[in-house]
Amino acid sequence: MQSTQMTLGLTSPAYAPQEAQAAIEQLALNAEVDSRGAVFTRREVADFILDLAGYTADQPLYEKRLLEPSFGAGDFLLPIIERLLSAWRAARPKGTAFEELDDAIRAVELHHDTFHNTHAAVVELLKREGLTANTAQALTDRWLSQGDFLLAPLDGEFEFVVGNPPYVRQELIPAPLLAEYRTRFETIYDRADIYIPFIERSLKILSDGGMLGFICADRWMKNRYGGPLRNLVSERFHLKVYVDMVDTPAFHSDVIAYPAITIISRESPGTTRIAHRPTIDQATLATLADLLRSPTLPKESSPVRELARVTNGAEPWLLESSDQMALIRRLEGCFPALEEVGCKVGIGVATGADKAFIDDFEALDVEPDRKLPLVKTNDIMSGDVKWRGQGVINPFAESGGLVDLDEYPRLRRYLEARKEVIARRHCAKKTPANWYRTIDRITPALAARPKLLIPDIKGEAHIVFEDGELYPHHNLYYVTSDDWDLRALQAVLLSSVTRLFMATYSTKMRGGFLRFQAQYLRRIRVPRWAEVSETLRCELAEAAIKRDVEACNRAVFKVYGLSQEERSVLGGNGE
C-alpha cells in the first residue's frame, strides 16, 4: 500500500477562522464528559460493528484504509489495531510494519487528555504485539491525531469509517464554531445534534463500496432535523443494516436516548436487514453479525427481517414490520393529516425562567388580567385534570406586544423583584428592552378553548381532555379543533392506530417510551368529521369519556374501515 503524506489537522493549523480555532481549543480542554458527548462503547458491541462492516481479520486489512473520527478511550481503535495486526501477520509480510501499516488507520480525537491517554495505550498495545518501541511510537504518531474531525483536513477516501460519534446539542457548541460547521455541512438543519455532520462527513469520504458502521442515537432517522441527512443517504447510499439497541447495555454508562447501529455503504440503494435488541455477549453478537451479512436469510424463524424501500428521500425511516408499513401507507393514502381536518397541534408556553414566571396562582401578586391558571404534566397524571393551583404570569398585551409596565404597577413590582433571574435568559439579553417577555407568546384565548393535552414522553398514549380553563405548560402538547368533537378525537388518539403512527415515526427513549411531539402528532391521519356517522361519533365519545381503550379501538377500527388482517397487525380484532 502506498504511503501518503498527510496530517490530520492538529488543534492549531489554519483550517478554520481564528474564533473557531479558539472554540475548538476550549472544547479540547473541557473536562466534563457529558458536555463533550463522550459515551463509551462496550467491547462486544465494538466487535459486533466491526464484524457488520466487514472489518475482519480474514480480509487484507493492511491494504485498506479505516477512519475512526472520535476515538475516545479506544473502544473501537484497540480492537481495530488487533484485527489489523492479525490480518497483516497472516499475510506473511515482506516489508516492515511501518512501511506496510502506516496508511491503514486514521483516528481523530478532540479532547487533549483523552488523546494522550489513548495514544499511550496504543503504543503499549503495539509493543505487547511484538513491535519495537520506535515502530510502535512511529505508527501511533502516524495513525492518531488530536483535533476537530469536522474541520481537520483529510486525504483520499476510506474503505471503512466506524465508531461512536459524539452526541452534543447545538447549544453546547460555541457560536463561532457552530457557524463554521454550518458553512461546511449541508445536513446541519434546525436543532441537529453534532453527530449529524459527523455522519455526513464520514459518508462523503467513503470509497465506492465503502462501509460506515456507527452506533448513535436514532433521532435523526425520524426527527425533523434529520431530514437532510436522510435525503443524502437515500440519494447516494445503501442502508444495509439497522440494529435497534434500546434497553441493551451497549455502553459503559446508561443513556436516555434510543441508540441504534447503522451500516451504510456507498453503493446503489437496496433492501435493509433489521434486528432488534440483541443480547450483549460475544457469541450471540457474532452469530447475529453472520446472519445479518449472509447472502440469503433462512426461511424459518429468524431474528433478522429484510425490508425494501426504508429510505425515501427526506421522509422518516419506517423500520416496523412490512405489514405495519403497509397499513401506515394505506392510511396515509386514504385519509388527510390531522391538521388538514380542522385540528391544530401546539405546545404549551416556555418561559425560560419558570421559577420567576410560575407560582401558586393565588400567590402571584399581579393584576388579575396578568396571570393565567396553568396546567402541567403532574395535573393530568390520573387521566383527568386535577389542577394543583399553579399559575403563569402573562406579560403580553392583547395586541401582541408586551404590556406597558407603567400601566401595571403590581406586575412591575413583581417582575423587577425577579429581574436578575429573568434578565439572565438569552432572549432577554438579545432584546434588553423586552427583558420581561416569556420565550413563547401567551395567548389567553387558548386557556379558554377546550383541548386535548398530551405529555411529551410516555410509554402509552396519555390523552387528557381539558374543558377550557387552563393554559398548557411547555412540557405538554395540545390539540384543538374547529371541526372534530374533541371527545371523539380523544378516542382516536387513545387507539392503537395512533400508537402505530407514534411507534413508526417517533423516536423512542430508554425503557421503550415514545415521544408524542407535535411533528409526530401531525402525521396522524384521520377522516373528516363530516364523514363519520352519527352512531360512530357517539361510540367514539362514549369510549373516550370512560377511558375504555378497548372500546376506543373497536370504534376507531370501524372509522378507518380496517380489515381483519389490519386489525391483527395492531394486536386485536376490534370485536
| Is one or more of the residues making up region 178-196 open to solvent by less than 20 Å² (accessible area, probe 1.4 Å), touching a helix residue (DSSP H, G or I) at 6+ places or on another chain (Cβ under 6 Å) and touching a residue at least 60 places away in the same chain (Cβ under 8 Å)? | no
| note | The lone condition residue 438 fails out of (1) loosely packed, with under 13 Cβ neighbours inside 10 Å; (2) at pLDDT 95 or above; (3) under 28 Å from the mean Cα position of the chain (by Cα); (4) of a type outside the set (A, V, I, L, M, F, W, C) is (1)
| Members of region 74-100 that are open to solvent by less than 10 Å² (accessible area, probe 1.4 Å) and not β-branched (Val, Ile, Thr) | 74, 76, 77, 79, 84, 85, 87
| note | Checked pairs for region 331-345, first in contact (Cβ under 8 Å) with a residue 40 or more places away in the chain and hydroxyl-bearing (Ser, Thr, Tyr), second surrounded by 16 or more Cβ atoms within 10 Å (Cβ to Cβ) and part of a helix (DSSP H, G or I), C-beta under 9 Å and 6 or more apart or across chains, list as none
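Checking the condition farther than 18 Å from residue 161 by Cα, free of Cβ contacts under 8 Å to residues at least 60 places away in the same chain and basic (Lys, Arg), which residue from 83, 142, 92 passes?
Testing whether each residue is farther than 18 Å from residue 161 by Cα, free of Cβ contacts under 8 Å to residues at least 60 places away in the same chain and basic (Lys, Arg) leaves just 92.
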| Any pair with Cβ under 8 angstrom, 6 or more apart, that starts in region 115-132 at a residue that is farther than 26 Å from residue 148 by Cβ and ends at one that is aromatic (Phe, Trp, Tyr) and at pLDDT 95 or above | none
| remark: When every residue in region 444-459 that is over 28 Å from the mean Cα position of the chain (by Cα) and in contact (Cβ under 8 Å) with a residue 12 or more places away in the chain is compared, the one surrounded by the fewest Cβ atoms within 10 Å (Cβ to Cβ) is 444
| remark: Per the list (1) open to solvent by 10 Å² or more (accessible area, probe 1.4 Å); (2) among the hydrophobic types (A, V, I, L, M, F, W, C); (3) in contact with a Ser or Thr (Cβ under 8 Å, 6 or more places away or on another chain), residue check on residue 326 breaks on (3)
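For residue 485, are the conditions met, namely being open to solvent by 60 Å² or more (accessible area, probe 1.4 Å), more than 22 Å from residue 357 (Cβ to Cβ) and at pLDDT 95 or above?
yes
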| task | Please state which one of 347, 393 is open to solvent by 50 Å² or more (accessible area, probe 1.4 Å), among the hydrophobic types (A, V, I, L, M, F, W, C) and either modelled with pLDDT of 95 or more or under 21 Å from residue 427 (Cβ atoms) (or both). | result | 347
| Looking at 304, 243, which is the one that is of a type in the set (Val, Ile, Thr), closer than 22 Å to residue 164 by Cβ and either surrounded by 14 or more Cβ atoms within 10 Å (Cβ to Cβ) or in contact (Cβ under 8 Å) with a residue 60 or more places away in the chain (or both)? | 243
| task | Kindly indicate whether residue 310 is open to solvent by less than 60 Å² (accessible area, probe 1.4 Å), touching a Ser or Thr at 6+ places or on another chain (Cβ under 7 Å) and assigned to a loop (DSSP other than H, G, I, E, B). | result | yes
| said: The conditions are (1) more than 30 Å from residue 554 (Cβ to Cβ); (2) out of contact with any Cys (no Cβ under 8 Å at 6 or more places or on another chain), and residue 504 fails exactly one of them. Which is it? | reply: (1)
| message | Take the residues in region 546-561 that are of a type in the set (A, V, I, L, M) and modelled with pLDDT of 95 or more; name whichever of them is farthest from residue 316 (Cα to Cα). | response | 551
| message | Tell me whether region 402-421 contains one or more residues that are surrounded by fewer than 17 Cβ atoms within 10 Å (Cβ to Cβ), within 16 Å of residue 347 (Cα to Cα), within 32 Å of the chain's Cα centre (by Cα) and of a type in the set (A, V, I, L, M). | response | no
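Residue by residue, here is whether (1) farther than 26 Å from residue 440 by Cα; (2) at pLDDT below 90; (3) surrounded by fewer than 21 Cβ atoms within 10 Å (Cβ to Cβ) holds:
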site: 478; (1), (2), (3): no, no, no
site: 506; (1), (2), (3): no, yes, no
site: 510; (1), (2), (3): yes, yes, yes
site: 516; (1), (2), (3): no, yes, no
site: 524; (1), (2), (3): no, no, no
site: 528; (1), (2), (3): yes, no, yes
site: 531; (1), (2), (3): yes, no, yes
site: 535; (1), (2), (3): yes, no, yes
site: 539; (1), (2), (3): yes, no, no
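The values are calculated or read from the model by the stated rules, or taken from the named source; none is laboratory data. Just so it is clear, the model here is predicted, and its values are computed rather than measured. Methodologically, a virtual Cβ is constructed for each residue, glycine included, from the backbone with ideal geometry; neighbour enumeration extends over all protein chains shown. Remember, those area values only see protein heavy atoms, side chains included, never the ligands or the DNA or RNA. Shrake-Rupley method; radii C 1.70, N 1.55, O 1.52, S 1.80 Å.
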